[in-house]
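Chemist: Quick one: structure below, then a few questions.
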Amino acid sequence: MRTTRRHAFTLVELLVVIGIIAVLVSILLPSLNRARQSAIATKCLNQVRQICLANQQYLNENKGFLPFPNWDNGDAQPAKFKVGWLYANPLQKPTTDPHLVNTGSFWPYLKNYDVFHCPTHIKAESAQFGAHNTDTLTSYLMNGAVCSPNKLNFHKINEFKPDDALLWEADERGGAAWNDGSSRPGESFNVNDPSANGLTARHGKTAVIAIMDGHAEWISHKEYGVLVAQSFRNSLWCNPEDPNGHAY
């Protein structure tokens, strides 16, 4: 009678298999990481789209007037500016409770705390930002132009061009950074610059921006920087009460 013997893997064969698996993992990991980053970026874009939709609903219910952007922390503003898109004054300081967004004018249309934050925006970043840290409330800041900061007025949507910027995913640093729900155009990551602001670099060379006509899109830091440097009115510098849009 013939007998059969089971052959186990030799050590060399086992090492070869492990080596092959390691090579496959090293090939697949970058692709998986890119897919993950792409999914996060898509989610961030969709969140800004939801904020755009909330703005459209707000416009419909307020005769076309844009909300107050919580400019300058709102502390010394007239009573008519008590409620901004992000929160109602007085704002708790330092801002530690992300649920304060439920006091803002967009909350009735969103009712979702996650919408206000990019998935990659982590709490640890706050240590790099300035006083009050409203980044605990949001990753996005509204364009201060919507209230003409130099005069503090409400404006209707038809006072802006359809391609003007409503808000963007921001990165503010310096002493006065992240102290409210809005910003002026700028591009600087120098933590020693009191007015350092601009787009976030969480997604690399691009960031999400919301447009007045109700859509959201990606804008590169290069393109954003060109617009910031221009001295005339453009889609970023769009204060309707200033001929060149720059009075913030």
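Chemist: Out of the residues in the range 193-215 meeting the condition of being touching a helix residue (DSSP H, G or I) at 6+ places or on another chain (Cβ under 7 Å) and surrounded by fewer than 19 Cβ atoms within 10 Å (Cβ to Cβ), tell me which one is farthest from C147 (Cα to Cα).
Modeler: Of everything passing the filter in the range 193-215, K205 is farthest from C147 (Cα to Cα).
Chemist: Considering each of L86, L91, L45 in turn, give the residue that is assigned to a loop (DSSP other than H, G, I, E, B), modelled with pLDDT of 85 or more and of a type outside the set (K, R).
Modeler: Exactly one residue qualifies, and that residue is L86.
Chemist: May I ask you to list the residues in the range 206-223 that are closer than 14 Å to P185 by Cβ and without any contact (Cβ under 8 Å) to a residue 40 or more places away in the chain?
Modeler: A207, H221, E223
Chemist: If you go through the range 146-161, how many residues are closer than 21 Å to L91 by Cα and crowded, with 20+ Cβ neighbours inside 10 Å?
Modeler: Going through the range 146-161 one residue at a time, the tally reaches 2.
Chemist: Here is a follow-up. Criterion first (assigned to a loop (DSSP other than H, G, I, E, B) and out of contact with any helix residue (DSSP H, G or I) (no Cβ under 6 Å at 6 or more places or on another chain)) does D180 satisfy it?
Modeler: no
Chemist: Any chance the range 57-69 includes a residue that's out of contact with any strand residue (DSSP E or B) (no Cβ under 9 Å at 6 or more places or on another chain) and either modelled with pLDDT under 95 or on the phi > 0 side of the Ramachandran plot (or both)?
Modeler: no
Chemist: Could you check the range 166-178 and list, in sequence order, the residues that are surrounded by fewer than 24 Cβ atoms within 10 Å (Cβ to Cβ) and more than 14 Å from T200 (Cα to Cα)?
Modeler: G174, G175, A176
Chemist: How about the range 216-239: which of its residues are part of a loop (DSSP other than H, G, I, E, B) and surrounded by 13 or more Cβ atoms within 10 Å (Cβ to Cβ)?
Modeler: Q230, R233, N234, S235, L236, W237, C238, N239
Chemist: Considering each residue of the range 1-34, count those that are at pLDDT below 70 and surrounded by 10 or more Cβ atoms within 10 Å (Cβ to Cβ), and give that number.
Modeler: Total meeting the criteria: 6.
The values are calculated or read from the model by the stated rules, or taken from the named source; none is laboratory data. Since the model is a prediction, treat every value here as computed from it, not as a measurement. Using ideal geometry, Cβ is built from the backbone for each residue, glycine included, and neighbour counts are taken over all protein chains shown.
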